[in-house]
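Taking it in order: structure first as structure tokens, then the write-up.
None of the figures in this text is laboratory data; all of them are computed from the coordinates on show. Treat the numbers as computed from the prediction; the structure is a model and nothing was measured. Cβ coordinates were reconstructed from backbone atoms using ideal geometry, including for glycine residues, and neighbour counts include every protein chain displayed.
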Amino acid sequence: MARATFSFPADFLWGTATAAHQVEGGNTNNDWWAWEQAGRTQSPSGLACNWWDLPTALADLDRAADLGTNAHRLSLEWSRIEPEPSVFDEDAIAQYRALLEGMHGRGLQPMVTLHHFTNPRWLVEKGDFQSDVVVDYFQRYTKKVVEKLGDLIPHWITFNEPIVYFYMRHMAKVFPPPQDGVGWAAGLRGLRYMLAAHAAAYEAIKSQYPHAQVGVAKQFRPFEAWPNGNALDKWWARRISWLFNDVWMQAMHTGRLGWPLGRGRIRGLAGTFDFVGINYYTRNFVRFPKLETNQWPEGTPLSDDAYGEIYPRGIYWSIQQALSYKKPIFITENGLPDSDDKNRSAFIITHLHQIWHAISFNYPVMGYYHWSLTDNFEWERGWSQRFGLYELNPETQERTLRDSGRLYGEIAHARAITTPMIERYAIHLVPQLLPGRK
């Protein structure tokens, strides 16, 4: 009987993704640690995945290499590198250098994020992204990183999910807030300074390494009116989609501020990205006047804790949204919380199948980074959600490869999704993906 093979390009990057605060442990000098100690998260990060112990981190990178991956995305912790203003910790920088060298030695191409949700405490005291001084501070930090580590980093991300960061700080109020207050106006001011900081960091990287590729990990998400919603719901869904998916990207693309950021241009901003990084997880249904709803139509497949709908078609939609910028595309995050590992294998197959479909139309998708390699600290949700290909016990630090991890390893080794993989790991997908097979 005929068998299907969904093959990916030979130079496609197969990766996993992590963030410093979520895996390192003991990040006592940033705003998130203080937030945790105040009881504002479901549980504290504590030791996290113990990645600040270099042998532990390298052992996890061994696991990533054994899976057959050839890339890894990680972030640097600003508060470790610059624990006080203008005071740089050379030992911390050396540890990051050893980590990056370890990645290269294992055949894992690094993609490095400069800011993944955390700020040094001293920066918070100075107003963080509510003050224009942050632009100079961020450029100074970037220059130091480029000087010390730039020869090891082919792909850079300045900011992770800036719109999510804005929303979770200023609207949902579940991320550590700036000292100068939260709310719509303060959040938009912060976004404007983040855009300026991005432009400054882009210039700092390209001035020393003009061939380095620089971008942003931007979460894309379809927003749709509630089924059978009225005209106001549909208009509202379009407005929210513009704010979430387009405002930041359009500003980077044109250099101009659009609604609701204000008017005018940011000097040096236009065209300051060499690729589009897509973080994709789910889609949302909305009803006017709420910004989001945690309701779904009956029968909607959901991940753990109703984190979101399992909607593979949305990753194809996200790729289509990114095409207008005429840049290479990387899926910089994609995953789901699934503590029992009952849905992750099918999730990986169906989302990668959508990416394969996009590539078959010559869409320039260059790589995929699964979130995440191991279970880790999930921000305000603590340890309550498990995203890892490896299960991790935060008390014992024991790692156990999940079936979905084995699947991802088989796909990465083969550079393809095959019929036997589908039959072995998610046989219920056969009618959907292999309609001619019985």
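With both labels modelled 7 Å from their Cα along Cα-to-Cβ, the Gln320 to Ser43 distance reads 4.0 nm.
Taking only the C-alpha atoms, wrap a convex hull around segment 71-173 and report its volume per residue in Å³ as a whole number. Show your work: numbers first, answer last.
On the way: hull volume 10.1 nm³, N = 103.
Residue-normalised Cα hull volume stands at 98 Å³.
For segment 219-311, applying the loop criterion from DSSP together with a ceiling of 14 other beta carbons within 10 Å to the GluC sites (Glu not before Pro) yields Glu298. For segment 326-403 versus segment 162-199, the inter-centroid distance based on Cα atoms is 26 Å. Loop-located trypsin sites (Lys or Arg not before Pro) in segment 178-283 (DSSP state other than H, G, I, E, B) with a sparse environment of at most 11 neighbouring Cβ atoms within 10 Å: Arg263, Arg267.
Show me the ranking of peptides 26-32, 356-362 by mean Cβ neighbours inside 10 Å, starting with the highest.
Going by the mean number of other Cβ atoms within 10 Å, highest first, we get 26-32, 356-362.
Over segment 13-414, what is the percentage of antiparallel beta bridges among all DSSP beta bridges, to the nearest 5? Don't skip to the end; give the middle numbers.
Values: 7 of 42 bridges.
Rounded to the nearest five, the antiparallel share is 15 percent.
Cross-linked pairs Lys143/Lys327; Lys173/Lys342; Lys206/Lys327: Cα-Cα separations exceed 20 Å for Lys143/Lys327; Lys173/Lys342. Phi-derived couplings, Karplus 6.51 cos²θ - 1.76 cosθ + 1.60 at θ = phi - 60°, listed residue by residue for segment 385-397: 10, 10, 9, x, 5, 10, 6, 10, 8, x, 7, 9, 6 Hz, with x used for Gly and Pro.
Taken as entire DSSP H runs, the helices of the chain that both span 30 Å or more between Cα atoms along their own long axis and average -1.0 or more on the Kyte-Doolittle scale are 184-208. Here's how it looks for Val214: its modeled amide H is under 5 Å from those of Trp156, Asp274, Phe275, which are all 5 or more places away or on a different chain.
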